[in-house]
């Protein structure tokens, strides 16, 4: 069973200093058992649970099986997200082909496009992306509290974590980004970051996590399950194709 809960803030480090660096990490559609295991791992780290460790630990969440089901069963039916279903599918395929820079660059416009549409559907003005996402998250907190949507406290925590991720990492000035992974919209899309700065799986994971978060927000008013979709015949075929992509990527000439 999967739960649409993010990694809670206290799950990101042994103390406040470490926690501040990792509370941005949100992943929907994962089991609470996994979140608890990650929490224990981070808390057991002597000093810093770095991005390379985080990438290794969360990689199983982005398996061919799971992403194939999301691509065939969730993104195409989610309001606003479905307008970018082909872009998302191409980004996921690029990821499994080992084309990390392409995968991440493909998702960045999706995040803004979907966010803007959801915000406007709620009557919000979405001009600058950073302030627009903050407005959207705060509006969702109010919506959850007013209409008693889900576990309100957990939803508020998710929205606060997303606000932190947007303000402190995704849309901060690229020169102020202080994690080694460089998942930053301005640095990537404005060409401030080059080959060596990004293109790792962790960049893709964080970018797709933002898309999944927007799926969750869209589901507030769309009667779509908060839970991960089950595999289908179509997703199994796509999963098999992703396996071929991985094999092909391993054989790419250096």
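The values are calculated or read from the model by the stated rules, or taken from the named source; none is laboratory data. These numbers come from a predicted model, not from an experiment. So basically every Cβ, Gly included, is an ideal-geometry build from the backbone, and we count neighbours across all protein chains shown.
Descriptive notes on the structure:
- The residues of the stretch 225-236 that are surrounded by fewer than 19 Cβ atoms within 10 Å (Cβ to Cβ), over 16 Å from residue 155 (Cα atoms) and touching a residue at least 60 places away in the same chain (Cβ under 8 Å), listed by number, are 230, 231, 232, 234, 236.
- Just one of the listed residues (137, 145) is part of a helix (DSSP H, G or I), more than 28 Å from residue 242 (Cβ to Cβ) and free of Cβ contacts under 8 Å to residues at least 24 places away in the same chain, and it is 145.
- Checking each residue in the stretch 151-176 for being more than 24 Å from residue 217 (Cα to Cα) and either in a loop (DSSP other than H, G, I, E, B) or in contact (Cβ under 8 Å) with a residue 60 or more places away in the chain (or both) picks out only 173.
- In the stretch 177-212, the residues that are free of Cβ contacts under 8 Å to residues at least 24 places away in the same chain and part of a helix (DSSP H, G or I): 186, 187, 196, 197
- Odd one out for residue 215, checked against (1) buried (at least 21 other Cβ atoms within 10 Å of the Cβ); (2) touching a residue at least 60 places away in the same chain (Cβ under 8 Å); (3) farther than 25 Å from residue 117 by Cβ: (3)
- So residue 91, is it closer than 26 Å to residue 131 by Cβ and either in contact (Cβ under 8 Å) with a residue 12 or more places away in the chain or touching a strand residue (DSSP E or B) at 6+ places or on another chain (Cβ under 8 Å) (or both): yes
- Looking across the stretch 126-159, the residues that are within 19 Å of residue 225 (Cβ to Cβ) and either surrounded by fewer than 14 Cβ atoms within 10 Å (Cβ to Cβ) or modelled with pLDDT of 90 or more (or both) come down to 140, 143, 144, 147, 148.
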